[in-house]
Structure formats: C-alpha cells, structure tokens
C-alpha cells in the first residue's frame, strides 16, 4: 500500500483513515508503524485520560479485578475456583505460575492404525483437536501463547495441508515461551511455512534470475523487523540466501481410496514422523550476499543473527505483544520497556511476557476492558463459564468459526487476524450473540448465575446491562444478559 | 435512502478535523461517548456525498474454482483449439450459440445469448494479471483485493464502500447473498457489510436473545462502546429490512428462476432482486456459484454450471426488467483464473490464467472487447498470456457505472475498456 507523496491537504488519505481505526485497535498489518501521524498522536501514557462519561465504572475490589483481568488475557477461560485460588496467590505469584507452568502436549491426533500417518488430516479435525485442548489443558498460558504464535507465524491449511499445519501447531506449542531466535530459525524451515510462502519452490541457482521473494519479505516485514526497517536489496539478499530450503522428503507412499462412491484411489506421501525442512544445495545461490550490512555466504543462522541484532525486531514483537495483552493503543514507553526486556534477555519470550503482564500500563485504569476477546476466546470463556461439556462446546465452536470471523488454521492472510476492533462487525457480532443463544439453549438446568457478574465481569456493568440483569427472572435470562453483553466481549 | 437533515453542513475539512480528533483515540473519547463517533460518521458521510456516488447497483458473480473461459465464450474459428482439446473442443464449437463470426456462447447459455441479441451483453477477452498465481486462494485474493502484489488486505468493493458510500446505518449498501462469511471482495475494516445466507437464516437464533441484545447494547461505555452499539443496531436494521421482503418458502428458493432447487445461484440472485426491488438501499451485491474446478470429466459438470448461470442471470434480469428496475443494474462475472488451453488425460482441464469476463445489463455497450490471447504463444506453464489487466474492468465499473474515482480505489490508472454506455 503505497501512498503518493503529494496529496491535497484537505483530502484524508487511506493511511489517515486507517490510522483512525488503528488507534481504536484494528491493527492493520504494517500501516501502524512510524507514520508521522503515529508519532504525533499516539500520546504518552501520562497524557491519556478517559472521561468519566465514557469510562467503565471502577471495580469495587480493584486487586481482584486486576487478577481477573490477568486470567481473562492469559487463558481461554476460568472457573470461580481458579479465580479464588489466583486471588489468594496474588497478582505477582499468579504471573509467575502462568509463565513458568510447563507446557502440556495435546493428545496425538494421528491414530496408531492410520497407514497414512495423518497425511490426509482435514481442517475440521485440526480445529476440533486444538479447541478441545484449549478447553482442557492445564498449561493455560502456554496454550494461550501457542495461539498467539499461530496468528503471528501463521500459515494456512488449504495451501500447506493438514499434516504440516498439525506439525506447525506442535512446534509453536513447544517453543511458545522460548527464544525468538530459535523460532525464527524454526519458522523458516517449518514445512507448513515452506509451503505457505513458497520457499519450498524457490530456486536461486542461476544468479541471473531472482528467486521467489515471498518468504524473505514476510520474514522481515511481518515476522521480525516490521515494515520499512530494511531495504528491497535486503529482501532479495535474504531470498537468495534462503533458497534451497524445502519440505522433508516423504518416507513412503501409500494407496488410499479418495472417493468411496467411485472407488477412486490415489497415492499419498507418508511421513513417519515430524521433521523440519531440508536444504537442497542444487537450488542454492552460489555467491555471496549482503544482508543488513553483512556480506558473505550467509546461512540461516547468520541471517537470523542479523535480524536479531537489529533493535527493530525486539521493538516490533514487543508492540505486537502489547496490542494483544495490554492495550489496543499501548504507550510508546511501555513498548520501549518491553523491547528492552526482550533484547536484554536474549529475546526470551518469558522475559517479554513477564514485562508485559507486570507493566504499569497493564494494570492502569485506562487499560481496563481495552482489548476485545477474539472469537475463540469469547466462545471458550462463555462455554467454561456455564460449564458446557467439552465435546458439545467444540461442536458449537467449530460451527461458529466462519461466521465469527476466525477459522483456526485458516487466517485471512499472512498477517494473521487483525485484533481488537478487527473482530467487530455486524455479522461477526451477530454470530457471537447467536453462539450465546445456542449455548444457553443447550444446557438444562443452567448453573446459578448469582456470582457470574462478580466472577466474570468484576461486578462492573454498564447501566443497560445492569437494568436488564435486574429485570431478569430466570437463570437463562440472567446468563443471557451477562454473556451476550458487551462487557463479556471485552478483556 | 433518505438523509438526516443538516448533515451536509460538514465538508471535507470537517472530516479531516474529525478524523484527526478521532485519531487521538483516548483523548477524543474523553469528550464523551456519543459526540466523537457521531461527528466522525457525519463527516465521513459528507465526504462521501462530495465523492459523487450514484444509485447504480453492481452484482458481482464469482464463478469459484476457475471457470473454463474457452468453453464459455468460444473462439469458434480457432483451429488451434481443436488441436489442444481433441476431447473437449469439437462438441462445444459445434453447439455454440454464435455471437458474431468469431465467437459463440456456450450452448447452455441461451438466455444470455438472447440478451446479447438485445444488446445487453459485453465480453472482455483475455482478462488476467501479471505473474499469475495458479493457486485458487492466492488468485482469489488477488481478484478480491484488486492487487496482484498481494499487499492489500481489504477487498476492492470494501474499499469502495468505505471511500464512497455511507454504510453506517445503511447495512445493505454492500451485501453478500447466499453465503455465511463476508465475501473478500466486500471486506474492509472501515465498512459495514451485510451477509445474508438466506432470508430465513439472517437474524437472532431466538426472540429472547434479540430482546436481551436490544436492551443491553445501548450507550455502552468504553473504547469500543460505539462500535458494538453500531454493529448491533446494524443487525437490527438489517433484520427489519429483510422482514419487508416477500417471504420465500423454505425449499422453494427461486421457482421463477430455475427448475432445479439445487441452483443456489438462482436462490441468491432471487434474494438480491428482492433487496433491490424492496428499496433497501443495496448497491454492491456479491454472489457465488461454486464448482468450476473441472480437472476431470469437465463436459457434464461445466454444462450444468453454465445452465445454472444462465437461469439465474436470465431470471434476475427479467424480474428487474419487469418491475422497471433494470436500467442501472450491472451484472459482472469473475473467476480466479481460466483453465489450461490444453486438456488433460482425464477429459478435464488444469488451472490456467486469463479468461473472458461477461458483463450483462442495460448499462452495457454490446461488444467483444480486449483481445483473445494467442493459443500458439502460451507461457512457460502452457497457459494463456493475458491481454487485459483485470483492473481495467474494475476501473470501468467504478468510474462509469458507480461514479467513484477508480484511481482512489485501485491506486493507479489502467487502459480504458469502454464496455459501458
């Protein structure tokens, strides 16, 4: 998206219009960075106030609300008992428990008797498998971070195939709270990503012809440094240095019936176990490249090293974490603080998230309800709040993925899902509300809603919701007023 | 569409002020919940009024899967076609409905052929884009966004809505009919778009929910309060608009359009016609006919898809025409790519590139435009080299039909193809 340099003063450019929406948290790809408007208007933390007429009321028990907010933003939902326990532990200890709890591997999706070893996994199987794990895993925060990386280092099941997407999901979970450098290396040779952004097909063996730049560009623009922080020559150099990486060769082939009616069969590739991509020297660039100021026959490790050495990388990831966990419009000093913590820890994601959750802005009044739950977060937290059996919840959620605007393993594009305001449209809000309607119709009897406003909404209700709740005469009406409320859409 | 009075007091300069005020986010919100979005919406509306949109209606029909252009608008005298397609070409050419000496329409398009005879059809040959992708979804994205470089996130019609129409409070300005997800073509972060799978399907799952939501989404506090309240109000307005339409019985979607209840394009266009006739303010409609990925045994499959297309378009045009409402309605087909000129060993065709687009309606200037790609000079994958950039077609639709400056939407200017009156 390139705007012409000269434009009439009175005509708002697309960038300005976008900027207005970005401030409200639409987070559209790269348009957010370093525009003149951004530096002029972003405003420091100290300057930003929310008028009393527009603000949510202050929670009566501020410390408990702070802990509930922490759970809303770091888990897919919680029970009253979990909130109770976290309140006893206190904020700081709860942060540590979340960050340091070990990951839980999900159940193996590939059946032991499957001769194809998952070669034909479909999108819906993957969605069901992951949603079930989100609802049941004890490693709540590791799962939430797996989900964060799913939207950051994102690939798409239609192009990459179900098996490689399954592997990618397992990889992000294992690395969810690890080091960024290891992730950048892993994502480059991740089979799903090799397929998704065409690196698997790229050929730089003939210096006269340019290789495919698709992956090299996104590595810099979307995965690490952010737009405008490198040159086109850097993109071409990275594309040359990385050409040769391709998906791992299959271990065998097996014949399967693809159409039961006609009996049609075809051979499918079978991989015995998960593995990274392989390097084919025949397609590699034969000469030296100059990438981000360093010349030589640079390999993947050298490339990642150059990317990490740029402060832009820590800054870019820090901003994204802040927009997902702190505020749709985080203050520059918060981002700086997070970036420093990331850089000085050797890009340790635990250090970054610890800094984010313990930041002043996380607990500041203006950050209260400043984030919109994603559809997945909205649906998992609603299901947990009323205790819907996991299988029923998964069925219902899979059915609402498309309408709510979030189909797992199928991002709208390589930039992932735009957060916060990006989730709000008439059709998607209607779908969220209908989800609640169907959810509550599916449970009989419903649990008591007596403590729900306190547990899930900190007792902080807008006037309209408060009135509706007071007028409700049945449990269903009470739950409807609470779960179909704007309050419950926020975190 | 009636306008609230007094709204024209704001001009573009006000928009900039409001936009920047809005842009300050929390500071602006301190001014109070109601004032900011209202000023913003008013200013946007004023801007859009000045942008000079008109009341024309556009219906985009997506032929999903990659339609075989060489079997839709057939270059009848091209001997190379016989050589490339020994199984597929002969019957298509023999049965084609001649448009002129060189081109014939697929024989399953008799109603479109009649519209051609009446001067209501234009064909643009050889439409594609540079460095074509043979991936369905990548190429779909290129066509949806109008951006072959794959940088643009929003749909070209979505951007048109956010630039040139007032969709807030007019949810049916842009509408996807017969689908559950927002069509990529209509997506934009700044526009409101209705998506109606069926007349019966859009709405709250039960009345209790509708009543609760109606009571709760009112003066919602906080950063997102106005957005949520607007979204829910839009849903309520759309539901109310849909109630004004004549009720269609379930399982009997479009009897006047198609003999086949499975013709979902006919059902979607029937709904579209009702939205237009009921005066809901619908401007940009998007509908989809799926199944064009004809890798094997193409003849039977493609024949029935052509029939679906013909019945749906014929029925839609006739219904609008009968009510005197066809004069400003343009129908345009698009598909992510055409198919490979050479047939494969399964009596089908693989993913291709350029293909003809068909434009239908009273605003059309009859003719075959563009240039049929040379079947003897294929690209390295054995595919057609495009002769017309698809954005030339978008440009003509935007500039001439919708009265919207195409350069603002598409980013640059393209060769003009004057297929509209």
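Would you confirm, using the coordinates I've provided, whether residue A:201 is at pLDDT below 95 and surrounded by fewer than 18 Cβ atoms within 10 Å (Cβ to Cβ)? So residue A:201 fits the description; yes.
Which residue is farthest from the other protein chains (Cβ to nearest Cβ), if the candidates are limited to the stretch A:461-479 and must be surrounded by 20 or more Cβ atoms within 10 Å (Cβ to Cβ) and part of a loop (DSSP other than H, G, I, E, B)? Among them, the one singled out is A:461. Condition first: in contact with a strand residue (DSSP E or B) (Cβ under 6 Å, 6 or more places away or on another chain) and either over 19 Å from residue A:327 (Cβ atoms) or crowded, with 21+ Cβ neighbours inside 10 Å (or both). Can you find one or more residues in the stretch A:385-404 that meet it? Within the stretch A:385-404, not a single residue is in contact with a strand residue (DSSP E or B) (Cβ under 6 Å, 6 or more places away or on another chain) and either over 19 Å from residue A:327 (Cβ atoms) or crowded, with 21+ Cβ neighbours inside 10 Å (or both). For residue A:212, the criteria (1) surrounded by fewer than 20 Cβ atoms within 10 Å (Cβ to Cβ); (2) over 23 Å from residue B:137 (Cβ atoms); (3) touching a helix residue (DSSP H, G or I) at 6+ places or on another chain (Cβ under 9 Å) hold in every case but one, which is (2).
For the structure I just gave you, tell me whether residue A:113 is without any contact (Cβ under 8 Å) to a residue 60 or more places away in the chain and either more than 30 Å from residue A:258 (Cβ to Cβ) or surrounded by 20 or more Cβ atoms within 10 Å (Cβ to Cβ) (or both). In short, no. Of the helices (runs of 4 or more DSSP H) lying entirely inside the stretch A:52-107, those containing at least 3 residues that are within 16 Å of residue A:458 (Cα to Cα) are A:62-74, A:80-89. You will find that of B:230, B:294, the residue that is over 21 Å from residue B:57 (Cβ atoms), crowded, with 19+ Cβ neighbours inside 10 Å and at pLDDT 85 or above is B:294 and no other. Exactly one residue among A:304, A:268 is surrounded by 14 or more Cβ atoms within 10 Å (Cβ to Cβ), over 23 Å from residue A:152 (Cβ atoms) and touching a residue at least 12 places away in the same chain (Cβ under 8 Å), and that residue is A:268. Residues of the stretch B:185-207 that are modelled with pLDDT of 90 or more and either over 13 Å from the mean Cα position of the chain (by Cα) or within 11 Å of chain A (Cβ to nearest Cβ) (or both): B:186, B:204, B:205, B:206, B:207.
Tallying residues that are in contact with a helix residue (DSSP H, G or I) (Cβ under 8 Å, 6 or more places away or on another chain) and closer than 14 Å to residue A:238 by Cβ within the stretch A:309-322 yields 1. Within the stretch A:393-404, the set of residues being away from chain B (no Cβ under 14 Å) and closer than 14 Å to residue A:437 by Cα comprises A:393, A:397. Residue B:173 passes every criterion in (1) more than 26 Å from residue A:440 (Cβ to Cβ); (2) within 7 Å of chain A (Cβ to nearest Cβ) apart from (2).
Considered as a group, the residues in the stretch A:405-426 that are on the phi < 0 side of the Ramachandran plot and more than 10 Å from chain B (Cβ to nearest Cβ) include one that is surrounded by the most Cβ atoms within 10 Å (Cβ to Cβ), and that residue is A:408.
Selection over the stretch A:275-317 of residues that are in a loop (DSSP other than H, G, I, E, B), within 14 Å of residue A:242 (Cβ to Cβ) and within 33 Å of the chain's Cα centre (by Cα) gives a count of 7.
Listed by position, the helices (runs of 4 or more DSSP H) enclosed by the stretch B:114-229 that each have at least 1 residues that are farther than 30 Å from residue A:482 by Cα and out of contact with any strand residue (DSSP E or B) (no Cβ under 9 Å at 6 or more places or on another chain) are B:136-145, B:156-164.
Among the numbered conditions (1) in a helix (DSSP H, G or I); (2) more than 22 Å from residue A:351 (Cα to Cα), the only one that residue A:142 does not meet is (2).
The values are calculated or read from the model by the stated rules, or taken from the named source; none is laboratory data. Since we're looking at a predicted model, the values are computed, not measured. So basically every Cβ, Gly included, is an ideal-geometry build from the backbone, and we count neighbours across all protein chains shown.
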